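Step one of this worksheet: look at the structure below.
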Amino acid sequence: MKWIHKLIFALSICTISLVALYSLLGDTRKLVVTPDQFDIYATTDASAGGLSDSKISYEDQSLVLDCDLKKSKYAWPYCGISVYTDVLEATKGLDLSSYHTIRLKLRYEQAGDGKNQSKELRLYLRNYNSAYSKPDDEYTIKYNGMQFSPSNFTEVIEIPIENLQVMTWWLNDNNVSIEHSAPEFANITRIDLATGAGAGLGKHKIVIDKIEFEGAYIKQSTLLFALLFSWMALGLAFSLNELRKNKVAYDRAKKRHRHLERMNSTLRAQNYEFAELAHRDALTGAMNRHAVQSWLEQQARQVRWGRDSFSILYMDLDKFKRVNDKYGHQMGDDILREFVMVIASSIHADDRLVRWGGEEFVVFCPNTNIEQAVKKAEIVRQNVEKHLWVHGEPLTCSIGVAQMQNERVSETMARADEVLYMAKRNGRNRIEVNYGMQKQPEINTPD
């Protein structure tokens, strides 16, 4: 048996063994949260002006949270626990980016004194990032979280970490830029578990037996890359060996290898482009900025060449923050989804509806001049005003309108944004138009 055949046999056995070992043990890495590793504190709404109180105790290696939710000027009384993971060095917490599952073993034994005993809980993995977090301000630590109900599960609850989303209210309150608006788990300094937004007043008791994270020792892609690299190294060795025997065979193998590399590079570039184009806003279902980037460039070229007209409607819900504060962020999310449906039903099929950030949305209107855009904006404004909203109260929107001229799309956006805020200042529930270099139509008024 030649040395190359022995090496192929050995590498094959190694590959099979590693893949089998990874399938059995590679995805079973566990991290258990215990009081001797981390500091655990009871939390309440006192920091927000509430009157609730809570305490924690330990019974048979289980953590017991007893609290009393009390009515106060704070509208959403709560209690819970907060696990501080940055015990060794401030702002240096746990890297949970390689973990995929949170496993909770708990019992919600008492849920208030009223008839409607909601047993919903909120879980937050809070990530510290110096780009937006401040060491002396707890509220700037990012809230990656979700709300769930233990009564709908068995005693052991498994939550995929990928299901956690950044809280919209936290993004709005901290003015976080779009590049930092996605979930992050690389530096978790706080693990918070609290009663749900609809928790009833009175006594609550939650028994927590275990908080555990499960993940992979190494990423599957890293293992596959290492195996691929090993086989590529073997292939190179084999090619060099064959080169000594036959120069022609070597040239053919080299040419084929280069061709495959070019094809792989092209496919990777196309896959990346398609993945970017397919992105949609996870909350509302509207397009995001990536989805319309190339399309906007095409529309801009059509305008520059004088072949087409293109207008932008920049719109924003009026006094949306008050709705969030009054009804909670879950209701606010439902209203944003409803707002998208109202807009989508008011525009043409060729128009593109994009969530630009927060409660701001943009409708890009091809084949539309400024007069047509104003009419379209008025239809949207009226439909929003007449709509029966899920929270039972009326809502309005303000809209800024601009038509693209001899300028970049970003400049047209800026002009539409400028008149949107003019509409806000002028009383809301109205449309303002930025005519740019165009002549504003004269308005005939009776004598």
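The values are calculated or read from the model by the stated rules, or taken from the named source; none is laboratory data. As the structure is a prediction and not an experimental result, all values here were calculated from the model. Cβ atoms come from the backbone with ideal geometry, glycine included; neighbour counts cover every protein chain shown. Ligands, DNA and RNA are stripped out before the accessible areas are found, and what is left, the full protein with its side chains, is counted by its heavy atoms. Shrake-Rupley method; radii C 1.70, N 1.55, O 1.52, S 1.80 Å.
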- Query: When Arg256 is evaluated against the numbered criteria (1) exposed (fewer than 11 other Cβ atoms within 10 Å of the Cβ); (2) modelled with pLDDT of 75 or more; (3) of a type in the set (D, E, K, R), which criterion, by number, is the only one it fails?
  - Reply: (2)
- Query: Just to be sure, is Ala423 open to solvent by less than 30 Å² (accessible area, probe 1.4 Å), in contact with a Ser or Thr (Cβ under 6 Å, 6 or more places away or on another chain) and aliphatic (A, V, I, L, M)?
  - Reply: yes
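Looking for something open to solvent by less than 20 Å² (accessible area, probe 1.4 Å), part of a strand (DSSP E or B) and touching a Gly at 6+ places or on another chain (Cβ under 7 Å) - is there at least one such residue anywhere in region 110-120?
So far as region 110-120 goes, yes, one or more of its residues are open to solvent by less than 20 Å² (accessible area, probe 1.4 Å), part of a strand (DSSP E or B) and touching a Gly at 6+ places or on another chain (Cβ under 7 Å).
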- Message: I'm checking my understanding of the structure. Among residues of region 65-87 that are β-branched (Val, Ile, Thr) and part of a strand (DSSP E or B), which one is surrounded by the most Cβ atoms within 10 Å (Cβ to Cβ)?
- Response: Val83
- Query: Is there a residue being within 28 Å of Asn175 (Cα to Cα), open to solvent by 10 Å² or more (accessible area, probe 1.4 Å) and either hydrophobic (A, V, I, L, M, F, W, C) or not in a loop (DSSP other than H, G, I, E, B) (or both) anywhere in region 398-407?
  - Reply: no
- Note on the structure: Only one of Ile8, Ile4, Ile13, Ile40 is modelled with pLDDT of 80 or more, in a helix (DSSP H, G or I) and not aromatic (Phe, Trp, Tyr), namely Ile13
- Going through region 135-155 one residue at a time, which ones are surrounded by 17 or more Cβ atoms within 10 Å (Cβ to Cβ) and aromatic (Phe, Trp, Tyr)? Tyr143, Phe148
- Message: Whether any residue in region 41-57 is closer than 14 Å to Lys203 by Cβ, over 31 Å from the mean Cα position of the chain (by Cα), open to solvent by less than 60 Å² (accessible area, probe 1.4 Å) and of a type in the set (S, T, N, Q) is what I want to check.
- Response: yes
- Which members of region 210-231 meet the condition of being open to solvent by 100 Å² or more (accessible area, probe 1.4 Å) and free of Cβ contacts under 8 Å to residues at least 24 places away in the same chain? Phe225, Phe229
- Among the residues of region 315-352, how many are among the hydrophobic types (A, V, I, L, M, F, W, C) and open to solvent by 20 Å² or more (accessible area, probe 1.4 Å)? 5
- Test each condition in (1) open to solvent by 60 Å² or more (accessible area, probe 1.4 Å); (2) touching a helix residue (DSSP H, G or I) at 6+ places or on another chain (Cβ under 6 Å); (3) in contact (Cβ under 8 Å) with a residue 12 or more places away in the chain for Tyr132 and report the one that comes out false. (1)
